[in-house]
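None of the figures in this text is laboratory data; all of them are computed from the coordinates on show. This one's a predicted model, so the numbers in the text were calculated from it and none came from an experiment. Here the Cβ positions follow ideal geometry from the backbone for every residue, glycine too, while neighbour counts run over all protein chains shown.
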Amino acid sequence: MKQETELLQSVLRRLGIESLNAMQEKSLQAITGERDVVLLSPTGTGKTLAFLLPLLQLLKDDDDSVQVLILVPSRELALQIAAVFKSMGTPWKACCCYGGHPIAEEKRSISANPPAILIGTPGRIADHLRKGNFSPQTIRTLVVDEFDKSLELGFHDQMGEIISQLSGLTGRVLSSATDIKEMPEFAELRDPIVLNRLEEGEPEESRLRLLKVVSPSKDKIETLYRLLCVLGNDSSIVFCNHREATERVSKLLKEKGLCAGTFHGGMEQSEREQTLYKFRNGSCYALISTDLAARGLDIPEVGHIIHYHLPVDEEAFTHRNGRTARWDAKGASYLILNETESPPPYIKEDLPEFMFPGIIPQPAQTLWATLYIGKGKKDKLSRADIAGFLYKTGGLGKEDLGAIDVREHHAFATIRRNKLSRLLALVCGEKIKGMKTIVEEAE
């Protein structure tokens with residue numbers, strides 16, 4: 001017990017957390033691996049840590065098999081949870097499994113050094129099980145994050161296929177920001193402990209301003225452009241209901257000189273990761289997305305949510321708005337309405353109208369740019385290597401370089417935009433750590 005407490009304190013220090021919130025404290029007590037737990041809490045309240053921290057008291061040092069399975073509905077959420085667990089600095093390995101890249105890489109990682117925790121999407125985990133890449137019998141704890149989405153009809157067969165093989169389960173944890181009326185039978189919950197913060201009222205309500213923006217024409221693109229120009233360099237997520245709409249809106253905004261990234265499920269995984277990276281580091285202020293970005297993405301300090309299309313239901317509205325006003329921050333949510341539209345019936349209050357200023361400013365220019373480097377971890381390239389290259393060869397000062405992120409086969413670096421042209425000229429044809437590679441602005 002003392003060893004577990006010391007490890008927990010070490011993890012919290014590493015994460016820079018002085019104390020847990022009430023929901024996380026209750027989760028530590030409830031998630032013991034012997035009871036099923038349903039964790040319901042608004043977005044932005046630290047649910048990921050609420051189910052990861054208790055695992056520290058469940059994982060065994062002398063067990064070299066997969067002990068915990070975490071199922072999630074999207075690749076981005078799987079990657080986010082894996083990143084959080086890695087940042088905790090525990091002795092255990094976690095492996096992230098999702099579609100969009102070769103399954104052989106994941107198989108090698110699982111077989112060479114079996115992870116204590118397997119994190120993945122239902123489709124990819126089911127594929128690994130069919131191929132016999134890991135034993136389901138050793139898994140004692142199952143976590144289903146965003147379970148209301150994971151247990152939807154489209155995932156039923158895969159979820160049922162997976163859970164039916166987990167014969168050694170002793171505890172389940174289901175986590176979400178919204179509840180569902182009836183659990184599917186295959187979830188097999190047994191007298192669960194329910195930790196429900198939704199009943200307390202979502203804390204962001206008092207910090208979230210809801211406004212309507214009137215569009216004089218049915219096509220809202222000009223109104224959206226004007227709104228984004230007024231919001232300036234504050235980060236904004238614009239939600240559309242269809243993939244084609246996100247592509248169209250992004251294209252038209254870019255033609256008007258506004259930096260906008262596209263994000264939807266039809267994009268290649270590498271394209272989605274690059275778009276999110278640019279949005280997170282401030283080299284792109286507006287993210288035009290389907291509801292894929294409404295769940296599971298850890299994007300800090302999003303100032304504005306813009307509903308270009310009205311959400312399909314109240315649940316979608318809640319999850320979209322949950323991208324802002326996280327923790328103690330404030331945010332705003334805008335519904336763009338044309339003359340044929342009205343606020344949805346679940347919005348009881350009369351929405352104040354956002355009033356445009358007399359003069360609309362030009363699109364804000366980003367202060368940062370994202371650099372793409374065509375080598376990564378597989379090439380034994382480190383952050384220090386990249387920083388040294390950009391300082392010495394690229395002529396950057398320390399204040400000109402932001403975050404550096406090294407992936408398996410490539411890397412990203414955040415640099416001051418006003419230094420970009422000169423840097424690209426200086427590094428053209430130069431080698432980094434003795435290797436020739438592509439160095440260019442990320443698209």
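A few comments on the model shown:
- Protection proxy ranking, peptides 225-233, 408-416, average beta carbon neighbours within 10 Å, highest first: 408-416, 225-233
- Which of ARG197, ARG209 has the fewest Cβ neighbours within 10 Å, and the rest in rising order: ARG209, ARG197
- With a cut-off of 10 Å between beta carbons, the residues surrounding ASN113 carry a summed charge of +1, where Lys and Arg count +1 and Asp and Glu -1.
- Summing charges over all other residues whose Cβ lies under 12 Å from the Cβ of THR262, with Lys and Arg as +1 and Asp and Glu as -1, gives +1.
- Listed peptides 272-283, 338-349, 373-384, 68-79 appear in the order 68-79, 272-283, 373-384, 338-349 once ranked by packing, highest mean of other Cβ atoms within 10 Å at the front.
- As a rough footprinting exposure proxy, the listed residues ASP234, ASP291, ASP191 were ranked by other beta carbons within 10 Å of their own, and the order from fewest upward is ASP191, ASP234, ASP291.
- Peptides 212-224, 425-437 ranked from most to least packed give 212-224, 425-437, packing being the mean of other C-beta atoms within 10 angstrom over each peptide's residues.
- Of the labelled figures (i) 80, 63, 44; (ii) 91, 57, 37; (iii) 64, 63, 42, only one reflects Cα extents along the principal axes in Å as derived from the coordinates, namely (iii).
- Bridge type composition, the chain - antiparallel percent by DSSP, nearest 5: 20 percent
- Over 22 Å apart at the Cα level, from the set LYS93/LYS431; LYS86/LYS131; LYS278/LYS398; LYS107/LYS378; LYS149/LYS220, are LYS93/LYS431; LYS86/LYS131; LYS149/LYS220.
- Cβ-based exposure ranking for PHE356, PHE85, in which fewest neighbours within 10 Å come first: PHE356, PHE85
- Charge dipole (the chain, unit charges on Cβ, about Cα centre) - positive-most of ILE415, GLY429, LEU71: GLY429
- In percent, rounded to a whole number, the relative contact order of the chain is 15, using alpha-carbon pairs under 8 Å and six or more apart.
- Three-way shape label, the range 203-337, alpha-carbon gyration tensor, a/c 1.5: rounded
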